[in-house]
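The structure appears below as structure tokens.
Read-outs throughout are calculated quantities, based only on the coordinates presented, and are distinct from any laboratory measurement. Given the structure is predicted, the values throughout are model-derived calculations rather than measurements. Virtual Cβ from ideal backbone geometry, glycine too; neighbours counted across all protein chains shown.
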Amino acid sequence: MAFKTFTASIKLLIDQERNKVLLAEAGNDFIDILRSLLKLPLGNIGLLFRKNKSLLTGCLDNLNNSVENLSLNSFRTHACKRMLLYPRSIHKDKPVQYFTCKKRGCGLLSYYETSRCSCGKLMNSEIYLEEMERDGVKDENEGGFSKVESRFFITDDLRVMKGLPGDLIQFLNKLGIKDVNMNAVKELEIGSKEIFNLLSHSLISKTTLTDVFLRKQGTMLVERPLLIGPSAKETTAKDGKTRVKIMERKSDRKILYAEANEDFVDLLFSLLTIPLESVLQLVGDSYIMAGSIFNLFNDLNTIFSIAKPKTLQDYGWPKRIFSFLTHPLGSVYEFVTKSKNSKKVVLPPFYSCPNEIPDICSQQPPAYCLVTDSSSENRRYYLDSAINKREGPLKLLDPKSPEPNTTNSSGYVEKNSLFVITDDLVVKPLSSVSSISLLKEIGVAVDDVEEQVITIGGIEALGLLRACLCSSSALSDLMKVYV
């Protein structure tokens, strides 16, 4: 979906007396773009907002900039930085690239041309899938979520319903609107800026359409998102392994910065790879009280819900067939049955799954074999599915690991590294003078600083995820959850 060149037409029903949008009417194109945005990883959403930084409400831009500004030496491999700057989704809009070394016969395959083969050569020779197949999840509505032109009604707080005339009459009656002459109809052509503005305000406002289309930038009534900590029955992971040193000012308990190793920074950076719709599933609508994005997410899921495909077991296949499919060539079985687990979030192969959020898993890599076509004048190499092929499958390299034989390692950041993290999630390498420089920059005396060590578990990780979207003081909000 080309977000930058997107345009759509919508109609607004406006209460002129209160200067409030009652309802919007839009077509497939407007709904398609909203649902496409929900499928994007947070890192990609941050990149889209870069030209409109005033619309950002959280720390996404700082996390993106931190990844970009850190040197390649801070990451385990060159590919780690690219995986974070341009995270992939299981709902892809372009084919995945594959690379081998020039020898072609080492049996290894990579997603990135910066990987190094077991023979020592760079894997920078691109190779193509036959018929441009794509590994990943094929959305039945890809390229447009409705094949038949439809109309939709969207309320000010982003409730979405099919645009049937009878529904409109019922909605107006619920609002107590009897005289439609008191309302105005306004037709607008909107583009990417308005869409990004709408997405931004959906996180912090329950009058999203009014804020975006009627109120001027300087007079928008923006609510600060209310982040709720865990309930009394929940406890934080005091026995967690990821420890963070929090520095706060004694005089007013303000959080100044944090010092942490690669485990905490890996957690922060991995948040960029999670799709927005998955973030909403993880945090739940009980945690963000301000904002209307959950209305949008839930209603779109209801309208465009697609029945999950059946697995092989649902068809009652005999066990002897399962034993065949568990052969390495049958790794597709693992991919098909992956939907049977209880994970809420599925990332593409080899993307790191933070231990602090157990509801995240990554796909099994697909199985491909190298096919040599000698029928043409020039020998041609291409990839094909390894299923039903005599050739052994190529091994897909883990792009995060500098070792070719590693199957699925964790983490993007170089091991045994230390970092300083500001309250708004700017990440920099920790040096012997960086802490002193930071204190001088914010004007705090050394004797006014107190140190507190906390551990990060599931509750804290989800708190960071929420704050990353809605707050410019993520560490302060984390401490409210922790205490």
Give the order of 253, 116, 151 when sorted by the count of other beta carbons within 10 angstrom, beginning with the fewest. 253, 151, 116
Using the basic label-point model (7 angstrom from Cα toward the beta carbon), what is the residue 298 to residue 371 distance in nanometres? 4.8
For residue 403 paired with residue 180, estimate the spin-label separation in nm (one decimal), with each label point 7 Å from Cα along the Cα-to-Cβ line. 7.0
Once amide H atoms are placed 1.01 Å from N in the peptide plane, what residues at a sequence separation of 5 or more from residue 129, or on another chain, have their amide H within under 5 Å of its amide H? 383
Pairwise label distance in nanometres, residue 452 with residue 71, each label 7 Å out on the Cα-Cβ vector: 3.5
Of 81/241; 344/415; 415/480; 241/415; 81/440, pairs whose Cα-Cα distance is over 21 Å: 81/241; 344/415; 415/480; 81/440
Once the Cβ-Cβ distance between residue 169 and residue 344 is put in as r, and R0 is 45 Å, what FRET efficiency do you end up with, to the nearest 0.05? 0.75
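Divide, for the stretch 405-483, the radius of gyration over alpha carbons by 2.2 N^0.38 Å, where N is the residue count.
So the stretch 405-483 has a normalised radius of gyration of 1.31.
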